[in-house]
Amino acid sequence: MSRPLIIVESPAKAKSITRYLGGEFKALASYGHVRQLLSKDGAVNPEQDFDMRFETVDKNKKHVDAIVMEMKKSDALYLATDPDREGEAISWHLLELLRKREAIGSKPVYRVEFFEITPSAVQEAVENPRDISGNLVDAQLARSALDHLVGFNLSPLLWKKIRTGLSAGRVQSPALRMICEREQEIEVFEHREYWTIDADVSQSGHKFAAKLSVYAGEKVQKFSIIEEEQAKRVRQTLKEATDGKLDVLDVVHKQKKRNPAPPFTTSTLQQEASRKLRFTTRKTMQVAQQLYEGIDVNGESTGLITYMRTDSVSLASTAVDEIRKAITERYGTEMLPKAPRHFSNKTRNAQEAHEGIRPTSAMRFPRNLKYALSEDQHKLYQLIWNRTVASQMMHAVIDTTTVDLGAGPADAVRGEGSDVPASQTAETRQQVGIFRASGSTIRNPGFMSVYLEDQDDVPDSDKKEVLLPNLEKGMRVDLLEIKSEQHFTEPPPRFNEASLVKTLESHGIGRPSTYASIISTLQNRGYAELDARRFKPTDTGKIVNRFLSEHFTRYVDYEFTAEMESELDAISRGEKKWKEFMKHFWGDFSKQVVEKDETLTRADVNQARALGYDPKTDKPVSVRLGRYGPYAQIGSRDDQDPPRFASLLPGQQLDSITLDEALALFAFPRQLGESHEGESVTVNMGRYGPYVKCGKDNASLKKEQDPGTIDLHAALELIAEKREFNANRLIKEFAEQGIQVLNGRYGPYVTDGKKNVTLPKSMEDPGSITLEECLELIRNAKPKSTKQRSARSRK
């Protein structure tokens, strides 16, 4: 008897749905995308009305074959891929494949979507199917075509004008621009000196601090006091105006309410997981995917959170009812507001098509799931549960107190050389200076007892809660000391993952599903690197950004990129036709690519930075970016003798390296001495950094070792370690067949010189592997992708 076939993206979801729907349906997984654009130029043809050529994703061919075979036996097709544009496109592509292979015929096709993998949500989705949305598919096709045309036209231009292996992307390039512009701000930042004057005060043994807020009748601004002599004079004037006491001039008590943050969107989840858990954006999405697709709880696969790619902050009324029930049970009725909270998204280009990220059941308390979850899963689930529950809790009540303390009277110190003017208002005339102390106490923590949102780049001093004693106007408090302190302004901080995602979102750049891939691409391409968890552009990143910013300004413009996202949104709503949108974009873009290709030279783009002259040869010394990275050069190609080259050391930058530092690079190879066997030992610079050489053996220096100071003893230790590693590397060899079993960086593997295959974890003793098992592993190994091969060829 035939039955309907339902397709989801992952085997975990297929397992859950099979259980929820019983034997009524056959569930299979597509394992993600089933088709992709051909990985070569011409996959999108603007001359043929943007005809797009697709191919089946190689690693998923067997899964597609299984779906085709099962569909021929089934009486209906239910497409239950993820509930977003990407999921809609996967459903459409799969249907196209099934039609092409004559597996669908006239059988009914339904599109179903659910935002949480629970029995009720799945059952409701199956009972209320719809057609595939042509508008959503068109929007995704437009996005794919757009990204392909930008990448396959700009990237070759980068190869020709800068170096091979570089790439440019429609969304990654504006993100790179953000990182580079922030670095430029830091580089040109000029530190400004300023001074603060503080008073250490005590009342009945309770010590607290107050800042000078008014001096000589003028409000004290950040740069009111800018040098040490001025600070000393102000401090002395204030000390002379007091008798060891300060007068309480005013006490202001206020009470303020603080409301909870809304439920998580994708970007706010990534930001908070970065701040609180130190997760990368990619790790956050991987763990969230696991929680969404289902975790084995009491022997059953259970989806624990709703769909994690969303920019909505709304919650279903049924979910809110359960959250309120959980609050009552866990925290008491006093923590429950009279009415549910409703949130709206202020993010530019937000879709708000479905809910924010929440637990599928607020009654699944994190502590009760600890046994079923990995450490990372439990951390992220706890974060999502806390944020969701807190969003529906009572507001926090915070008492704030501001106290003004007077130092005076002014007449006591007014005289020749005094900073205090003779004419002041009656209210301030009697005070030389006014110190202000502010404090706060939490009267009722409300939601804050469960969750409090973090912020980026807030000084620790601003986070501290200051408690003040009970003070009243007219009281006098003890002045312990008046202190002056020097400060310097600081440049804006580099972006971390949280602040970069927040800034991208605020500009309307990217989508919930793309933030993690944008960040990964920038790092994988070598355009930015993490330094103390902050993004720092590399020399390559700076040159690529400069090229794009100067010659393709419009396409790295934040506003233009956001407008493109808005246009794609309009296509998804049926308000625009995707091919008309593509024609409008392609006309100007293609002309600009041709023009720049014809008019720009490598020298125009990859400009060398002159550092000065070599004192030994009087030849010019410069630095520039080459095929294998940044390098220094002595001489020019026009000289009778060929120029000399030396790679820059890790951490050295084209725009900051000095002449002396560049000249020091040419001290390599540096002779260190000889080994006990009489072999010459040297340290040199290579394509992958500094290394030592002894005989035929090379060994890379450790991160903390300096090639300019490393000695013979340390070098020989590195060589000994490398030789020991090589000696232990060979586990087994089948010499006649040219097959070896080796210890590698990621564990034991088998190789025939062309393919490397990691041994399965079930093989406890790699030394016991047979020739037949080796051949089987190599035979079944996946071929290296084109990207992998090209990457290897560039090494």
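The values are calculated or read from the model by the stated rules, or taken from the named source; none is laboratory data. Note that the structure is a prediction, hence the values are computed from the model and not measured. Reconstructed Cβ throughout: ideal geometry from the backbone, glycine too, with neighbour counts over all protein chains shown. Note: areas computed on protein heavy atoms with side chains; ligands, DNA, RNA excluded. Shrake-Rupley method; radii C 1.70, N 1.55, O 1.52, S 1.80 Å.
A few points about this structure:
- Full extension of the chain between ALA735 and THR709 yields a length gain of 5.1 nm, computed as 0.36 nm times the residue separation minus the alpha carbon distance.
- Debye equation applied to the C-alpha atoms of the range 90-171, log10 I(q)/I(0) at 0.11, 0.13, 0.16, 0.25 Å⁻¹: -0.54, -0.66, -0.80, -1.13
- Gyration tensor (Cα) of the range 674-723, equivalent ellipsoid semi-axes in angstrom: 16, 11, 10
- For the chain, the solvent-accessible area with a 1.4 angstrom probe is 52 square angstrom per residue.
- Inter-label distance, nm, simple model (7 Å from Cα along the C-beta direction), LYS100/ASP655: 4.6 nm
- Extension gain from ASP399 to GLN607, taking 0.36 nm per residue of separation minus the Cα-Cα distance: 68.9 nm
- Extent of the range 266-415 along its three principal axes (Cα atoms, max minus min coordinate, largest first): 84, 37, 36 Å.
- Net +/- balance of residues flanking THR400 in space, Cβ distance below 9 Å, scoring K and R +1, D and E -1: +1
- Share of pairwise Cα-Cα distances greater than 35 Å in the chain is 64 percent (whole percent).
- Cα extents for the range 20-171 along the principal axes, largest to smallest and rounded to whole angstrom: 60, 31, 28.
- As a fraction of the 1.4 Å probe accessible area of the range 702-755, surface on carbon and sulfur atoms comes out at 49 percent.
- Cα centroid separation, the range 353-371 to the range 50-110 (Å): 32 Å
- Counting only protein heavy atoms and a probe of 1.4 Å, the accessible surface of the range 188-254 is 46% carbon and sulfur.
- This model, with +1 at the C-beta of Lys and Arg and -1 at the C-beta of Asp and Glu, gives the chain a dipole about its Cα centre of some 1940 debye.
- Amide H to amide H distances under 5 Å link GLY612 with VAL621, where only residues 5 or more positions off or on other chains count and H is placed in the peptide plane.
- Counting all C-alpha pairs of the range 705-777, share separated by more than 14 Å (%): 65 percent
- Accessible carbon and sulfur surface of the range 81-145 relative to its total accessible area, %, 1.4 Å: 45 percent
- Working value for the range 19-90: equivalent-ellipsoid semi-axes of 29, 14, 11 Å, each the square root of 5 times a Cα gyration tensor eigenvalue, largest first.
- Cα-Cα over 25 Å, subset of LYS207/LYS483; LYS211/LYS256; LYS276/LYS370; LYS59/LYS732; LYS59/LYS754; LYS161/LYS536: LYS59/LYS732
- Each label was represented as a point 7 Å from its Cα along the Cα-to-Cβ direction; for LYS696 and ARG779 these points are 3.4 nm apart.
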